[in-house]
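The numbers here are math on the coordinates, done by the rules we state, and not lab data. Being a predicted model, the structure only gives us computed values, none of them experimental. Here the Cβ positions follow ideal geometry from the backbone for every residue, glycine too, while neighbour counts run over all protein chains shown.
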Amino acid sequence: MVSLGELLVFARVPVLGEGKTRLAAQIGIVATHELYRAMGAHIVRSIAESPRNFSITVVYTPSGEASREAIAAWLPWAVRYEAQREGTLGERMQHALGAAILRSNRAVVVGTDCVFVTAPLIQRALHDLDDVPCVLGPAEDGGYFYLGVNRGDLPIFNEIPWSTEVVFSETMARLREANLRAVIAPKERDVDTLEDLVAIAEDPRVRAQPELFRAVCDALAAAPK
């Protein structure tokens, strides 16, 4: 079967007390750390074990051999591990996507914050890149939970106010200004706060995944009563 393209999973080496600071302030650093590990493992494993015709690359930070070993031990289901380059989030994504396009003609990048990323969703996004240069999955917080492109020169990577509620709208504005079309997926929720955690715990898609649901419930149990 001919490969449709490549999925890039942006991931940070799990270190206790680093990352997801808003959630950590609400449920503690230990519970946040365990949830982060569980979410990342769920996303990569569930996609890798599903029928698909795209490859999986984990693009990790920080760089270095120790980081590569830690990432591969945590997420062993990928076929490739690449270090993120230095720079803004936009510069890092543009570099990783550009390299993937050279290998695979088209690529989609996701993080480890949205547990609703599935193999069929990525498959559909890669198919859509037959017809448009960009595909996007908007997030409830105003960002996006996936971005796919079939060319690396789109005007959507620089001077975007990353980690704000206008990332998706600014990206769409840049595409409109350049007269470029995009296919937009249904909105989903990232997990950055206790409110997000409560919301996904009530979602039947999470409840249908026993290991993931257990991890979410364990994290919720750490919240102050």
Sorting VAL198, ALA99, THR61 by the position of each Cα along the dipole of the chain (Lys, Arg +1; Asp, Glu -1; all at Cβ), the one nearest the positive end of that ordering is ALA99
Measuring from its Cα centre, the range 90-209 shows a charge dipole (+1 at each Lys and Arg Cβ, -1 at each Asp and Glu Cβ) which, in debye to the nearest 20, is 580 debye
Residues meeting the amide H criterion for ALA107 (H placed from the backbone, H to H distance under 5 Å, 5 or more places apart or on another chain) are GLU6, VAL149
Of all GluC sites (Glu not before Pro) in the range 39-136, the ones in DSSP coil with at most 16 other Cβ atoms within 10 Å are GLU49, GLU86
Listed by chain and number, the residues whose amide H is under 5 Å from that of ARG189, excluding neighbours fewer than 5 places away on the same chain and using placed H, are GLU140
Counting only residues 5 or more apart in sequence or on a different chain, those whose built amide H sits under 5 Å from that of VAL59 are VAL9, PHE10, ALA11, GLU82
Counting only DSSP loop positions in the range 100-169, the GluC sites (Glu not before Pro) whose Cβ has at most 14 other Cβ atoms within 10 Å are GLU159, GLU165
antiparallel share of DSSP beta bridges within the chain, to nearest 5, in %, is 30 percent
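With runs of 4+ DSSP H residues as the only contributors, calculate the mean residue ellipticity of the chain at 222 nm using -39,500 (n - 2.57) per run, divided by the residue total and rounded to the nearest 500.
One gets -13000 deg cm²/dmol as the mean residue ellipticity at 222 nm.
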Quick calc, the chain, dipole around Cα centre from Cβ unit charges on Lys, Arg (+) and Asp, Glu (-), nearest 20 debye, gives 420 debye
By Cβ neighbour count within 10 Å, fewest first, ILE29, ILE71 rank ILE29, ILE71
Length-normalised contact order of the range 1-121, Cα under 8 Å, at least 6 apart, in percent, tallies to 40 percent
Magnitude of the Cβ-charge dipole (Lys and Arg +1, Asp and Glu -1) of the range 15-107 about the Cα centre, nearest 20 debye, reported as 300 debye
